[in-house]
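Working notes for the structure below.
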Amino acid sequence: MAGNHDTFPRLMLEHARVRPDHPATREKDLGIWQTWTWRQVADEVRALACGLAAQGFRRGMHLAIIGDNRPRLYWSMLAAQCLGGVPVPMYQDAPAAEFMFVLNDAEIDFAVVEDQEQVDKVLEAKPQVPTLAHIYYDDPRGMRNYEGVTSFERLQQVGREFDRANPGFFDAEVANGRTDDVSVMLYTSGTTGKPKGVRQTHHAFISAAAGGCGFDKLGPDDSILSYLPMAWVGDHLFSLAQWVYAGFTINCPESGDTVMTDLREIGPTYYFAPPRVFENLLTQVMIRMEDASRPKRWIFHRFMDVARRCGAELLDGRPVATGDRLGYALGQLLVYGPLRNVLGMSRIRVAYTAGAAIGPDLFRFYRSIGINLKQLYGSTETCAYVCLQPDGGVKLDTVGLPAPGVEVRIADGGEVLVRGPMLLKEYYKRPDATAESIDGEGFFHTGDAGYFDSDGHLKIIDRAKDVGKLRNGGIFAPNYIENKVKFFPHIKEAVAFGDGRDMVCAFVNIDIGSVGNWAERRGLAYSGYTDLAAKPEVYELIRECVEQVNAEFAADPAVADSQIHRFLVLHKELDPDDDELTRTRKVRRGFVAEKYAVLIDALYSGKAVQHIATQVKFEDGRTGMVAADLVIAEAKTFTSDVAQRAA
Amino acid sequence: MSAESERRIGDVILALENISLAFGGVKALSDVSFDVREHEIRAIIGPNGAGKSSMLNVINGVYHPQLGRITFRGTQRKQMVPHEAARQGIARTFQNIALFKGMTVLDNIMTGRNLRMKATIVEQAIHFGRAKREELENRAKVEEIIDFLQIQHIRKTPVGRLPYGLMKRVELARALAAEPSLLLLDEPMAGMNVEEKQDMCRFILDVNEQYGTTMVLIEHDMGVVMDISDRVVVLDYGRKIGDGTPDEVRANKAVIDAYLGVAH
C-alpha cells in the first residue's frame with residue numbers, strides 16, 4: 001500500500017473504497033454466520049467514532065476494550081484510532097481488582113465492554129476509578145435494569161445524528177491522524193512486577209503487519225479465526241493490524257466453547273494457536289482413533305508411519321524416494337486429507353505457534369500431515385514480530401530468521417537485542433523502564449538469552465537472568481537443558497546445575513504415570529514413587545534419555561558444554577506444597593538448591609550413593625518424612641566431532 | 001414471550017380450588033387450594049410422597065381430580081388431556097429427563113415447536129413452501145433459546161452423550177421453545193452438583209426476568225427454593241400445610257414439624 005495509508009483508519013477507508021463488498025468481518029450469531037463487508041465496517045466505525053466524539057472522547061484519550069472477540073469490539077478499536085485516541089484492550093477474564101489497576105493506570109474515561117458479566121466487573125471497579133465516566137455494552141442481555149451505562153446501538157445512533165450535524169468532522173479527524181501517533185496500548189502480563197502499558201504507534205504495527213503479510217504472502221482472500229484474547233499482542237497483530245493492512249476476513253466464534261466447531265466451519269487459511277491447543281487437538285484425534293474399528297486403526301497407523309518418514313520433507317520441498325511419494329499421495333486421500341478436514345485445517349496455508357516450547361513429536365505430527373506449522377518469536381514490545389520461520393526452512397528448535405526490517409544482535413551475556421520500526425515508543429508513565437529496556441543505540445533488550453545457529457536461525461534458550469556460565473566460560477542455560485530433558489514422556493521434572501561449576505549435573509523426577517505403565521508392562525513390581533524411582537531399571541531408562549540429550553547437545557558447538565555428566569532420580573516428586581515449585585509449576589531453583597545441598601555436593605564430589613531424609617507435606621496438611629539412599633548415575637557424554645560424525 | 005415484558009407480578013392466572021385426587025383407596029391430594037399469579041415463580045415443596053408431582057400432573061391434565069375446580073386464564077377447565085394443556089400454553093420438564101436420546105440437542109429443542117407448525121407431514125417430508133418457511137422461523141426461535149441458555153457448543157451433539165446437568169438444560173430449552181405462558185418444572189435441579197445448580201438457578205431467574213414466564217416448580221433443595229421463589233406451597237400427605245412467601249413458610253410451625261418430625 002502506497003500513498004498516505006499510514007494509519008489504520010486510513011487503511012480501513014482505503015479497503016472500503018477499493019473492495020467495498022469484500023467480507024471484512026464475520027460473526028456467528030444465533031447459529032448463522034453474519035457478514036459485514038469493508039464498506040459496512042467503515043460505516044459502523046464511522047457511526048461509533050462520531051458517537052464517541054459526541055460524548056466527549058478527544059484526541060489522545062484512552063478507550064478501554066473488554067470482552068471476548070466480538071466484531072464491535074474490534075470496530076471500537078478502529079473508532080478510537082479514527083479520533084486519534086488509543087484503544088486499551090484488557091484481559092476479559094481478569095477479576096475486578098485487576099481491572100482496577102489498568103483502568104487507573106491508563107486513566108480510562110471511556111470503556112466499551114462486551115456483556116453483563118464485564119459490566120458488573122467494571123462497575124465494581126468504578127468507585128476506585130475516578131476518571132471512568134462512560135460505559136458502553138455490546139450484548140443487551142440482562143442489561144435492562146442497569147443505570148448509567150449505554151448500549152452500543154444508542155452510541156451509534158448518537159453518532160449518526162452527530163455525523164449528520166457535522167458532516168466534515170469524521171474525515172477531518174481521520175486526516176489529522178499521524179503515523180507516529182500511538183495506535184494502541186497493550187499491557188504486559190506482569191509476571192515480573194506490575195503490568196506496564198506498552199505504547200505502540202501506527203507506524204510500528206503497520207511495519208510489523210506489512211512485514212508479516214509480505215513474508216507469508218497474505219492478502220485480501222485470506223481468512224482467520226479471531227479467538228485469542230484481544231489484549232494479547234498476537235491477536236492485535238493478526239486480528240487487527242494484519243487484518244486492516246491486508247484487508248482479509250476476520251471471523252469471530254460464537255462463544256469460547258464453540259471454537260473448534262467454528263474453526264471447522266470457517267476453515268481459515270491462516271491460523272495461530274499456542275502449543276497447548278495443538279496438543280489438545282492431537283490428543284482428541286488419538287483418543288478417537290483408539291475407539292475406531294480395527295481396519296481404520298490399521299490404515300491410520302500405516303499411513304502415519306509414511307507421513308512421519310516423508311511428510312515434513314515433502315512440505316519443505318526436499319527430495320523424497322518415489323515409493324514414499326506414492327505412499328504419501330495415497331495417504332493424502334485416505335488419512336491426511338480427511339484428518340485435516342476434521343481439524344478444520346483443510347485450507348490452512350500458514351499456521352503459527354508461539355508462547356511456549358512445542359514438543360518435537362507434536363510439531364512433526366502437524367507438519368507431516370501437510371499443515372504448514374511454523375514458529376515465531378516476538379513480544380508485546382516488538383509487536384510480536386522479531387523472527388519468523390521461512391517456508392522450506394523450518395527447524396524445530398529455532399524461531400527462524402530475523403523478520404524483514406528487524407535487526408537482531410546477541411549481547412555479550414547472551415541476551416537477545418532487537419532494533420527496528422516495530423519497537424515500542426515507550427512504557428506508559430514509566431520513563432525509567434523505557435530507559436532501562438532501550439539502550440543508546442536503539443536496541444531493545446528482550447530479556448531472553450539466545451544465539452544464532454550455523455544457518456543464521458535464532459535459537460532462544462532461556463531467560464537472560466537465569467543464564468549462567470560454566471567455569472570454562474561455556475554458556476549454562478538451565479531452562480533450555482531442563483526442557484530438552486522434559487520432552488521425554490518418562491521425565492516429569494528436571495533441575496539442572498552448573499553455574500560456576502566444571503560440568504552440568506541434574507536432578508530428575510520421573511513421571512509416575514508413564515514410568516509406572518512402563519514398569520507394569522515389564523512386570524516390574526513397585527510400591528510407590530520412591531521405590532520405583534530407585535529401581536536400577538528405571539535409572540537405566542532415564543540414563544538413555546539423558547544420553548540422547550547429550551548427543552543432541554554435542555552436535556551443536558554452542559551448547560556442547562551443557563551435556564549432563566551426572567544425574568540422580570529424586571526420591572520424591574517436587575511439589576508446590578513443599579515450596580519446591582511455584583503454583584504454575586515452575587522450579588524454584590534457589591530453594592531447591594538450598595534444600596538439597598547435600599545431593600548437589602554428592603553430584604559434584606563423585607560419590608556413588610547419598611542418604612537423604614526430607615520432610616514432606618501431605619495433601620491433608622500433615623507432615624511426614626521420606627528417606628532414601630540415592631544412587632548417583634554417570635551419563636555418557638560426547639565430544640562434538642564424534643557426535644557430528646554420528647549425526 | 002416478548003423480550004420487553006417486565007417482571008411484575010400480576011393477577012391470578014391459575015387457580016386451583018379444593019382439589020382432591022385419589023387412586024383407588026390412596027388419596028394423593030385432598031382438598032388442596034392455591035393460586036399462581038402471572039410472572040411469579042411458585043414453588044411446591046414437601047417430603048417424599050406429599051403429592052407434589054401429582055399436583056403438577058393435575059395442572060397439565062395428566063391426572064383428572066375427582067373433586068375441585070381449576071381455572072386457567074379465567075376459564076374453568078373441564079376434563080383435559082396434556083396436548084390441550086400444551087395448546088393453552090403450559091409446558092413442562094420432567095423429574096426423569098424425557099428427551100430423545102439419539103437426537104441432537106437442536107432437534108430435541110425443535111420438537112418443542114411442534115405445535116406451532118401447521119404444515120402437513122407430506123409438506124414437511126418434501127421440505128417445500130410453507131414447511132420450509134415454518135422450519136426457518138422456528139429454527140430462528142430455537143437459536144434464540146440456544147443462545148439464551150448458552151448451549152451453542154452442544155447444538156449438534158446427540159443428547160445421550162451429554163452430562164446430566166446439560167440434559168436438564170436442554171429439557172428446559174425444549175419447554176421454552178413452546179413459548180409457554182406457564183412453565184412447570186419438576187425437580188429441575190435433582191441430581192446436580194452445586195455449580196450446576198447455581199447455573200440452573202441463574203437460568204430460571206433469567207427466563208423469568210427476560211420473558212416474564214410464570215413458573216411452578218417442585219424442588220427438594222430448600223436453599224434453592226427459598227432463594228428463587230416468590231411464594232411457596234407446602235404439601236404433606238396430600239394436604240396443604242403452608243402457603244406464603246419463603247419467610248412466612250420458614251416460620252410456619254406445621255412446616256417445621258413436617259420436615260423435622262415431631263415427638264408423638
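Quick check for me: using +1 on Lys/Arg Cβ and -1 on Asp/Glu Cβ, what's the dipole size of the protein assembly as shown about its Cα centre, in debye to the nearest 20? Charge dipole of the protein assembly as shown: 2220 debye, to the nearest 20.
Counting DSSP beta bridges in the protein assembly as shown, what percent are antiparallel, to the nearest 5? All intermediate terms of the calculation are to be shown ahead of the outcome.
Details: 72 of 121 bridges.
About 60 percent, rounded to the nearest 5.
For A:Thr614, the residues 5 or more places off, or on other chains, whose built amide H falls under 5 Å of its own are A:Val626, A:Ala627. Dipole size of the stretch A:290-406 about its Cα centre, with +1 on Lys/Arg Cβ and -1 on Asp/Glu Cβ: approximately 420 debye, rounded to the nearest 20.
Here the stretch A:68-130 is treated as a sphere whose radius is the Kirkwood value from Cα pairs; by Stokes-Einstein at 37 °C and 0.692 mPa s it diffuses with a coefficient of 269 µm²/s.
The order of the peptides B:212-221, B:41-50, B:132-141 by mean Cβ neighbours within 10 Å, most packed first, is B:212-221, B:41-50, B:132-141. For chain A, the longest principal axis of the C-alpha atoms and the axis of helix A:116-125 are separated by about 90°.
Here the stretch B:46-199 is assigned +1 on the Cβ of each Lys and Arg and -1 on the Cβ of each Asp and Glu. Its dipole about the Cα centre then comes out at about 460 debye. All other residues whose Cβ lies under 14 angstrom from that of A:Phe476 are scored, Lys and Arg at +1 and Asp and Glu at -1, for a net of +1.
Each of A:Met422, B:Met189 has some number of other Cβ atoms within 10 Å of its Cβ, and from fewest to most they run B:Met189, A:Met422.
Placing unit charges on the Cβ atoms of the charged side chains and taking the dipole of the protein assembly as shown about its Cα centre, the candidate lying farthest along the positive direction among B:Pro188, A:Val244, A:Thr322 is A:Thr322. Net length available on complete extension from A:Lys469 to A:Glu619 is 50.2 nm, with 0.36 nm assigned per residue and the Cα-Cα distance removed. With the helix formula -39500 (n - 2.57) applied to DSSP H stretches of n ≥ 4, the protein assembly as shown reaches a computed 222 nm mean residue ellipticity of -11500 deg cm²/dmol. The aspartates and glutamates within cross-link reach of B:Lys52, meaning a Cα-to-Cα straight distance under 17 Å and a gap of 8 or more places when in the same chain, are B:Glu17, B:Asp31, B:Asp35, B:Asp186, B:Glu187, B:Glu219, B:Asp221, B:Asp236, B:Asp243.
A cut-off of 5 Å between modelled amide H atoms, ignoring neighbours fewer than 5 places along the same chain, links A:His22 with A:Trp38, A:Arg39. The alpha carbon convex hull volume per residue for the protein assembly as shown rounds to 241 Å³. In whole angstrom, the stretch A:517-625 maps to an equivalent ellipsoid with semi-axes of 26, 21, 15, each derived as √(5λ) from the alpha carbon gyration tensor and ordered largest first.
Determine, from the Cβ-Cβ distance of B:Val194 and A:Arg308 and an R0 of 56 Å, the FRET efficiency 1/(1 + (r/R0)^6), rounded to the nearest 0.05. Plugging the Cβ-Cβ distance into 1/(1 + (r/R0)^6) gives 0.75. Sorted from longest to shortest, the spans of the Cα atoms of the stretch A:225-354 along the three principal axes equal 46, 36, 22 Å. Database remark: amide H of B:Val216 closer than 5 angstrom to the amide H of B:Arg42, B:Leu183, B:Leu184, B:Leu185 (H placed geometrically; neighbours at sequence offset of 5 or more, or on other chains; Pro and chain starts carry no H).
Lys/Arg Cβ at +1, Asp/Glu Cβ at -1, dipole of the stretch B:101-179 taken about the Cα centre: which of B:Ala140, B:Met103, B:Met117 is farthest positive-ward? The residue sitting farthest along the positive end of the dipole is B:Met103. Farthest toward the positive end of the dipole of the protein assembly as shown, out of B:Ile41, B:Ile154, A:Thr201, is the Cα of B:Ile154, where the dipole comes from beta carbon charges about the Cα centre. Here the Karplus curve 6.51 cos²θ - 1.76 cosθ + 1.60, taken at θ = phi - 60°, turns the phi angles of the stretch A:260-275 into couplings of 5, 5, 5, 4, 5, 5, 7, x, x, 9, 9, 9, 10, 7, x, x Hz, with x standing for Gly and Pro.
The string of couplings for the stretch A:349-363 from the Karplus curve (6.51, -1.76, 1.60, θ = phi - 60°) is 9, 9, 10, 10, 9, 6, x, 7, 5, 9, x, x, 5, 4, 4 Hz, one whole number per residue in order, with x for Gly and Pro. Peptide B:138-149 has a mean shielding of 2, counted as Cβ atoms of other protein chains within 10 Å of each residue's Cβ.
Residues within the reach of a label modelled at B:Val12 (point 7 angstrom out along Cα to beta-carbon, backbone nitrogen below 18 Å), restricted to the stretch B:214-228, are B:214-216.
Cβ crowding within 10 Å ranks A:His62, A:His445 as A:His445, A:His62, fewest other Cβ atoms first. Residue pairs exceeding 26 angstrom between C-alpha atoms, taken from A:Lys429/A:Lys459; A:Lys459/A:Lys535; A:Lys194/A:Lys469; A:Lys194/A:Lys586: A:Lys429/A:Lys459; A:Lys459/A:Lys535; A:Lys194/A:Lys469. Taken one residue at a time, the phi angles of the stretch B:67-72 give Karplus couplings (6.51, -1.76, 1.60, θ = phi - 60°) of 10, x, 10, 10, 10, 10 Hz. Gly and Pro are set to x.
Only the coordinates and a few stated rules stand behind these numbers; no lab work does. Small disclaimer: the values here were computed from a predicted structure and weren't measured. FYI the Cβ positions are ideal-geometry reconstructions off the backbone, even for glycines, and counts take in every protein chain you see.
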